[in-house]
Amino acid sequence: MIEAGHFLAFLALGLSLAQGVLGLKGERRVAGLLAIAAFAAMGLSFLTLIYAFMRSDFSVLLVAANSHTLKPMIYKFAGTWGNHEGSMALWCLVTIGFGAVAAALMRTGRDTFEARALGIQGLLAVGSLAYLLFASSPYLRLDPAPFQGSGLNPLLQDPALALHPPMLYLGYVGYSFVFALAAAGLMEGRIDRVWAKEARVWSLAAFAPLTLGIALGSYWAYYELGWGGWWFWDPVENASLMPWLIGAALLHSVIVTEKRESFAAWTALLAVLAFLFSILGAFLVRSGILTSVHAFAVDPERGTLLLIGLLVYGGFALGLFALRAPSIAGGKPWILQSREGALMANNIVFIVATLTVLLGTLFPLIAEAFGRTISVGEPYFNLTFVPIMVLILIVMPIVQAWAWGKADLSGWTRWALIGGGVTAAFMLLGSGIFSIPLGAAFGVALGGWLVFGAIAELFRRAITPGRVFRLPRRVWGMTLAHLGLGLFVIGAVVETSGRNEATLALVPGGSGTVAGWTLTLEEVRAIEGPNWYADKAVLTARRGASSTTLMPMKRFYPAAMMPTTETAIHKTLAGDLYTALGEQREVNGEARWIFRVYFNPLVDVLFLGMTLAGLGGFLALWPGRRQVRPEATEASP
């Protein structure tokens, strides 16, 4: 069976190569059919890998290295992509899949442009498949086959991690087709309204799942790793954040190109950069040059091949941009005091924020090259990235109401007074009820300002409250995304500044207190799961009349010879009571169990905000309906 999958992957490679050649020659119909055929071939190939994992075929090297007969079925299924080779097969499948979907749905009326976009996508698929088949093959056999496999990394045996890579790859690889559109548009010298309308759709198709993928990864790190936080500024976390920031800039820029045909060359450049930063992310995850709990591989040789791919793709696209960008029409004129000016400022801030994250991520490597060891962590990003992003968040509710061409600044005073009132109210709420520092209270006020601005803009577009639900889904998607951003800011600020944490050393019957909760250790007993052993603690937590039972565990997976921490979390409206079981240690001559206990206020609000932002992108993708006001077309997002 696996040999058939290997053959089908090679068939997909040949079909993608033909798609690339014929697409660049302008054969739209044939290139489209080849894209669909390549997707069918790679889809069947990927199914053979899934089948090998599901039936624990240890004669396949990939299965033997990443599965085990005692592993639950869902993790056998997810184990297909829970490793370097399998995840690259998924990357290839998604790359080819975007080309197939585009071949079926893209209708711009420009056959040559569409053919070239499909051709470039085919060549991108060729690069991915060549890397898979010749440097990271998942189709290798073992002879003789072992009786038992090594098992999947225990940290990856989690429902969120079963969904996280596919969502993240839909985002990463989704930007490959935006890249293809940009290259095809540059080849034609036409980055106009028609191009922008198509690019906006595919940008959303990448941005929405990337947002949800980042949210899933953050939530997994929060409850699985046992350190009580949701973002560590880990290099691999940063690798997903950078294309997200570029993608956010692209979404705002492509709006201007679609409505006014301005920012044409700039939008094409952002489309190129979004994909290049995605490739950079893959390089960081798989090369082993940076240490991360999220890393898939530590193979410098295969990482070098990814770096070569990044240089080839980047050199081609940036060279094409340098040649063709000067000849692209600039669109309608604009001034700084307009929606175009505000969105350009938005773009610049996003780019600066991305470069700040890039510098913080790569600086340890730069320092190491000069013989120094330097770590860059949360303090750096709090001092640089956060203030930069605050600039965007402050002006966002104001400028989204500005008109194209030239803004009416007569309402600026009214907006300033409203914004000042909302800010003051939330600062008082934060410093009063939540007892957080004044700076954090400002952050809460900023989140409230974003929520207010999103809702106010929705009603401004509707004119009357009764017409709100008749607004286009595109407007609702924008509102949901901005509302989610506001909720995320509120949750992140309150959780970060208001977190309570303590380390408790308890014997059965002993108690400790955290954030008003009294935790009593009832017992610690040994239990056994399908493919693990564990020490399981039973804690009773009480606060006033409320009580709950928490059962954190310390698991050990014998197949992988690896321990993991399984947290226990009690959710309340005010936040999470979070417990993690550590080792048993001798304290003052007595054996005690060590617990890390946190109370994380409003942490679910930040995850809700991230989810709403992603869902807003999907809602904006939904087939549109007739505009409520024809005369308002130019003001639409």
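The values are calculated or read from the model by the stated rules, or taken from the named source; none is laboratory data. In this text, all values refer to a predicted model and were calculated from it rather than measured experimentally. All Cβ positions, even for glycine, are placed from backbone atoms using ideal geometry, and neighbour counts span all protein chains on display. We work out accessible area using only protein heavy atoms, side chains counted, and drop any ligands, DNA or RNA first. Shrake-Rupley method; radii C 1.70, N 1.55, O 1.52, S 1.80 Å.
Annotations
- Neighbourhood net charge (13 Å Cβ-Cβ; Lys/Arg +1, Asp/Glu -1) for F232: -4
- Candidate cross-link partners of K536 among the lysines, defined by an alpha-carbon separation under 17 Å and a same-chain spacing of 8 or more, comprise K554.
- Farthest towards the positive end of the charge dipole of the chain, among the residues W517, T549, H252, is the Cα of H252, using unit charges on the Cβ of Lys, Arg, Asp and Glu.
- Under 24 Å from K406, Cα to Cα: lysines that are on another chain or at least 8 residues apart: K197, K259, K332
- Overall dimensions of region 83-157 by Cα: Rg and Dmax, Å: 17.6, 57
- For the chain, the relative contact order is 12 percent, taking Cα pairs closer than 8 Å that sit 6 or more residues apart in sequence and dividing their mean separation by the residue count.
- Residues in the chain average 41 Å² of solvent-accessible surface per residue, probe 1.4 Å, ligands and nucleic acids excluded.
- Only Cα pairs under 8 Å and 6+ residues apart enter the sum, and on that basis the relative contact order of region 39-120 stands at 27 percent.
- R193 versus Y51: modelled label distance in nm, points set 7 Å from Cα along the beta carbon direction: 5.1 nm
- Kirkwood hydrodynamic radius of the chain, Cα pairs, Å: 26.4 Å
- For V587, distant residues with modelled amide H under 5 Å away: R592
- About the Cα centre, charge dipole magnitude for the chain (Lys/Arg +1, Asp/Glu -1 at Cβ), debye: 2000 debye
- Based on alpha carbons, the Rg and Dmax found for region 207-274 are 15.5, 49 Å.
- From the alpha carbon centroid of region 453-470 to that of region 152-194 is 32 Å.
- Average silhouette area of region 302-412, convex hull of alpha-carbon atoms, in square nanometres: 10.6 nm²
- Percent carbon-and-sulfur accessible area, the chain, ignoring ligands, DNA and RNA, probe 1.4 Å: 67 percent
- Principal axes of region 35-124: Cα extent on each, largest first, Å: 54, 19, 17
- Residues whose amide H falls under 5 Å from that of L602, counting only those 5 or more places apart or on a different chain, are G575, D576, with hydrogens built in the peptide plane.
- Rounded Å value of the spacing that divides the Cα centres of region 474-510 and region 342-404: 21 Å
- Amide H within-cut-off set for S67, under 5 Å, with H built and near neighbours excluded: S150, G151, L152
- Rounded accessible area of T549 (nearest 10 Å², 1.4 Å probe): 80 Å²
- For region 481-600, the orientation-averaged shadow of the C-alpha convex hull comes to 9.9 nm² (one quarter of the hull surface).
- Cα centroid separation - region 544-587 against region 1-21, whole Å: 47 Å
- Overall form of region 120-273 per C-alpha gyration tensor (a/c, 1.5; a/b vs b/c): oblate
- Surface accessible to a 1.4 Å probe, D143 within the full protein complex, Å²: 150 Å²
- The helix-based estimate of mean residue ellipticity at 222 nm for the chain, built from -39,500 (n - 2.57) per DSSP H run of four or more residues and divided by its residue count, is -21500 deg cm²/dmol to the nearest 500.
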